[in-house]
Amino acid sequence: MKKGIQLRRVKVQKKQQQKEQQQNNTDKKNKTPIPLSTNIDQNIQTIKQDLGNSADIVIRKMNIGSSGNDQIAICYTNGLVDTKTVQNVIIKTLLVDIREAYLQNENKSKLSELFENHTLPGGEITKVTDLDNSKHDLLSGNTILLINGESVGFSIDTKGWASRSIEEPSTQTVVRGPKEGFVESLRTNTALVRRKIKSEDLWIEQIQIGQKTKTDIAILYMNGIVNQKILDEVKTRLKRVQVDGIFEGGSLEELIQDETFTPFPTIYNTERPDSAASNLLEGRVVIIIDGTPFALVAPALFVQFLQSSEDYYQRADMASFLRLLRFVAFMLALLIPSSYIAVTTFHQDMLPTTLLVSLAAQREGVPFPAFIEALLMEIVFEILREAGVRMPRAIGSAISIVGALVLGQAAVDAGIVSNVMVIVVSITAISSFVIPEYNLAIAVRLLRFFFMLLAASFGMFGIIIGLIMMVIHLTSLRSFGVPYLSPMAPFNKEGQKDSLIRLPQWALFSRPKMIAQDDYIREETPAPEPKNSEDLKGEGE
Amino acid sequence: MRKKLVLILFFLVLLPVLSGCWDKKELNELAILTGLAIDQAEEGYRVTAQILNPAEIAGEAQTNRVAVSTYEATGDSLFEAIRKITDSSPRKLYLAHLRIVVLGKQLAEQGIEDTLDFLSRDHEVRTDFFLLVSEEKDASSILKVLTPIDKIPTNKLYQSIESSQKNWAPTLGVKLDQLISTLISEGNNPVLTGVYIEGDTEFGGSLQNVERIPSPSLLKLQNLAAFKGDKLVGWLTESESKAYNYLTDNVTNTVAVQSCTGGNVTIEINNSATDIKVVEENGQPKVKVTLTSEAAIGEVQCENQFLDERTINELEASFAKKKEKMSLDTIETAKKWQTDIFGFGEKIYQQKPKLWQRVKENWDEEGFVNLEVDVKAEFNIKRTGTIGESFQSDGED
């Protein structure tokens, strides 16, 4: 009891400290920026000091001008800038080309004006007047030009670091469809989307999150289609985030999602520009984070996680079949082990006699109850799977040998598990791989154990109770205010055309109603009505 | 919120401990019972249970043990006797997969109603098993015969009932719910198919029985046992059993044979419909039965038999005549036993309920025995098989 109170006190104290710290932080933010000094040496000194003399900061002082009296300095971060640009263009300009400008400079205007108006190459040049901004630009890959005698500097965009080239996405693969995927660079990613949607309505807003990392985050949406309320909600939630750093969408997702205590993902993520673009056209908001190839898409619906972008590139009938198949696989992955436990330990009368006999024959001599047996196998499988993901690629084949031969065959031969259980676990595993979105697939993995527990205690009755609980939970979920189960609950007739099945493209003239609430009717394309062959013949002749 | 969640998780973990899986039964804890034979004992019942040995039927390493074994117990009531079997059986009997119940001849003669109570009351037992009457003195011996092809003898019986009912008319598969509904309805009496062992009963229970072609002892279904109320009163012959099935509209497919000059002609009946009409004549009921059958010629051995329209009409007429006679004979037999197994009384009740109120008193003994039944059979031979004329008739003389 006493301990509890003490603990609570400690917590309270900590909270107070945090508050104070926050106030300090806000003080820091609000304090007036230090302006650049007119003395170039002092500026250089301050920058060096503030950055702790870091090894990757390069500062080069030089004398220019006809008389060589004018001192300037360029600072850049080695590795973040394109060295060619800095050396071949900027330094060359400053040392060589500037002379001509000097000769022509009859008005004797200030050096900074000269630079700004005449000589500095480079597309994106901004004036900097305070130290903080120049340090920030310096660390983002810009080159800072400081001039002696003036309290104005220039920040030249010279970003150019080694980055992965655009490759085929490793998740969400398709047989037919675009093979390009997002990369780690934010600019490339927005360009990939921009290349798909050339409309002026594609608006990109950029903010920075992470007090230390200052990660660039782009918010993409289609102006006019997006629901303003949802957009505002996304922005408010993003602005609320106060963390040290964001390295992947996953950590940002946890900070802005609607419901934490749920196994189901309420924000969609994609590695595919085409998927991001089509989501934009449906009125969703896409959040691209610098440094990760996974873009977040909000709001997300449950059905979305069982759809693949290829559904729209294959024929409608095949796509519908595959979608239904995925729903079946979803249910199988969720319920097969638990149903097996329920039927074999509680409802043997549900099986045909011959099937019962073969199952019973398999189980003769197996020492554990069906539940323990299933739990054992499922856990072993999960371990194998995790090992397979984390292991160095080179020894990957060892896992399959150990897994398949030793654990599968030998366990059966040794009489520890029955053959049927191996089949059950395999079907479950294969079914869970069918779910196209990894974050839903892992939700199923977790829920499977919950259902197994229910089946072992209450049989089929338990499974039904579990399913009811799951559906109630799903209906209670919201993704940025949009019901997670829509268009099933609340039911929407138009939405059915593109959820469990996909109708032909010409029938899909509406956007998801719950998402693009204001403007949900698209331009309508009439169904193709080919002229009959007689007419075509006539035209030819 | 977090507190609530922790509580919920805590309770979930407790669930399996609390419930203790009280009615869980692992597959290898079950004695799967597929056949039950019930005999009259001096006091109460003698029950024989046929239990499967799953490892022997579907296991990987099969030994030369038998696929089924039987356990016996005697008790004052059926339930008691079944529970008593646990004395000798290694596991508790699991009744949901019961396929066949064989009733002893003696028991059937004494009355079966008391026996059926347990079978319809117990929650484990389903109603989709067939009931048979043993023609042997002892029903238990039926369950002690190994069968070739199907390792589970009761499964063999179950399937031969189904197939013989479909393709050969003189048997009838009666399930528990059917039997009970016939028993409780007015103006109807049940029948059950009989079963007996053909051949040497000595080898029946040993593996030797299935090591030979042909098996020394075989389980056979034959003929129908007629009940009056719940008591066995007599056995119908094969042709009577078939006629019974015609009259009660249970025939789906069968064959009929008629002699002709030089041999026999056989037809396959593909479709048979029975129409029973009740009319009132002088205040007494009269039943008019119309049997219509569709048939195809299956085998012809006759001399000079040309299959033209005239001969086919003649054939139709002769088959119809035979069938009418067969039916009337069967009705006569039932009248002799004073039991309305055809359910004529029920038909009267359905069609003329007021008349039924007048005649239902002592229906089996008086009404049925004096009932006038008109049987009219119609045959319609539609096909002659893949050949028209028999090639034999051409070559002769």
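The values are calculated or read from the model by the stated rules, or taken from the named source; none is laboratory data. This is a predicted model, so every value here is computed, not measured. Quick reminder, even Gly has a Cβ in these numbers, built from the backbone with ideal geometry, and neighbours come from all protein chains shown. Just the protein is used for accessible areas: all its heavy atoms, side chains included, with ligands, DNA and RNA removed. Shrake-Rupley method; radii C 1.70, N 1.55, O 1.52, S 1.80 Å.
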Open item on the list: Take the residue pairs B:228/B:376; B:151/B:228; B:166/B:242; B:25/B:175 and return only those whose Cα atoms are more than 24 Å apart.
Closed with: B:228/B:376; B:151/B:228; B:25/B:175
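Peptide B:51-57: average number of partner chain Cβ atoms within 10 Å per residue? Provide the component values of the computation, followed by the final result.
Working: counts 0, 5, 4, 9, 7, 3, 5.
Across B:51-57, the average partner-chain Cβ count within 10 Å equals 5.
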Task: Cα centroid separation - the stretch B:338-371 against the stretch B:153-229, whole Å - done: 29 Å
Open item on the list: Just to be sure I understand the rule: take each whole DSSP H helix in chain B, project its Cα atoms onto its long axis, keep it if the span is 18 Å or more and its mean Kyte-Doolittle hydropathy is at least 1.6. Which ones pass?
Closed with: B:2-19
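Over the protein assembly as shown, what is the percentage of antiparallel beta bridges among all DSSP beta bridges, to the nearest 5?
Numbers: 97 of 122 bridges.
Just about 80 percent of them are antiparallel.
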Task: Shielding of B:26-36 by partner chains, average beta-carbon count, 10 Å - done: 5
- [ ] Excluding residues on the same chain fewer than 8 positions from residue A:92, give the lysines whose Cα lies under 21 Å from its Cα.
- [x] A:61, A:84, A:110, A:127, A:159
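Take peptide A:349-359, look around each residue's Cβ out to 10 angstrom, count Cβ atoms belonging to other protein chains, and average those counts. Intermediate results must be reported in sequence, preceding the final value.
Details: counts 8, 1, 3, 1, 11, 6, 1, 9, 16, 4, 4.
Neighbouring Cβ atoms belonging to other protein chains average 6 per residue here.
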Open item on the list: Taking the Cα of residue A:325, stepping 7 Å toward and past its beta carbon, and measuring to each backbone N in the stretch A:166-188: which are under 17 Å?
Closed with: A:172-177
- [ ] Determine the relative contact order of chain A: mean sequence separation of Cα pairs under 8 Å and six or more apart, normalised by residue count, in whole percent.
- [x] 13 percent
Task: Anchor residue A:212: aspartates and glutamates whose Cα lies under 13 Å away (excluding residues fewer than 8 positions away in-chain) - done: A:244
Open item on the list: Give me a comma-separated list of calculated 3J(HN,Hα) values for the stretch A:85-92, in order, Karplus coefficients 6.51, -1.76, 1.60 applied at θ = phi - 60°, integers in Hz, x for any Gly or Pro.
Closed with: 4, 5, 6, 6, 9, 5, 5, 4
Task: residue B:329-residue A:127 pseudo-label distance in nm [points 7 Å out on the Cα-to-Cβ vector] - done: 12.5 nm
Open item on the list: Which residues does the label zone of residue B:270 cover in the stretch B:365-381, counting backbone N under 17 Å from a point 7 Å along Cα→Cβ?
Closed with: B:379-381
- [ ] Taking only Cα atoms and a 10 Å spring cutoff, compute GNM fluctuations for chain B and point out the largest among B:57, B:149, B:312.
- [x] B:149
Task: Contour minus Cα-Cα distance for residue B:336 and residue B:4 (0.36 nm per residue) - done: 111.7 nm
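Among A:234-242, A:391-399, B:327-335, how do they line up by average Cβ neighbours within 10 Å per residue, starting with the highest? Walk me through the numbers on the way to the answer.
Details: A:234-242: 14.0, A:391-399: 10.0, B:327-335: 19.4.
Highest mean packing first, the order is B:327-335, A:234-242, A:391-399.
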Task: Spin-label model distance (nm) - residue B:361 vs residue B:318, 7 Å beyond Cα toward Cβ - done: 5.0 nm
Task: Peptides ranked, highest mean first, by Cβ atoms within 10 Å: ranges B:215-221, A:296-302 - done: A:296-302, B:215-221
TODO: Using only the alpha carbon atoms of chain B, find the Kirkwood hydrodynamic radius as the inverse mean reciprocal pair distance, in angstroms to one decimal.
DONE: 24.2 Å
Task: residue A:382 paired with residue A:229, simple spin-label distance in nm, labels 7 Å along Cα-to-beta-carbon - done: 3.9 nm
Task: Cβ-Cβ FRET estimate between residue A:48 and residue A:243, R0 fixed at 30 Å, reported to 0.05 - done: 0.55
TODO: Measure off, as a whole percent, the carbon and sulfur share of the 1.4 Å-probe accessible area of the protein assembly as shown, all protein chains present.
DONE: 53 percent
Open item on the list: Using a 7 Å offset from Cα along Cα-Cβ at residue B:372, what residues in the stretch B:314-340 end up with backbone N under 18 Å from the label point?
Closed with: B:328-329, B:331-332
TODO: Using the heavy atoms of the protein chains and a 1.4 angstrom probe, tell me the accessible area per residue for the protein assembly as shown in square angstrom.
DONE: 51 Å²
Task: Protection proxy ranking of A:195-201, B:198-204 - average other beta-carbon atoms within 10 Å, highest first - done: B:198-204, A:195-201
TODO: Could you state how much accessible area is buried at the A-B interface, both sides summed, with a 1.4 Å probe, in Å² to the nearest 100?
DONE: 2600 Å²
- [ ] Using the 2.2 N^0.38 Å rule of thumb for compact globular proteins, work out how the stretch A:186-312 stacks up: its C-alpha Rg over that value, please.
- [x] 0.99
Open item on the list: Given a Förster distance of 51 Å, report the FRET efficiency between residue A:171 and residue B:237 from their Cβ-Cβ distance, rounded to the nearest 0.05.
Closed with: 0.10
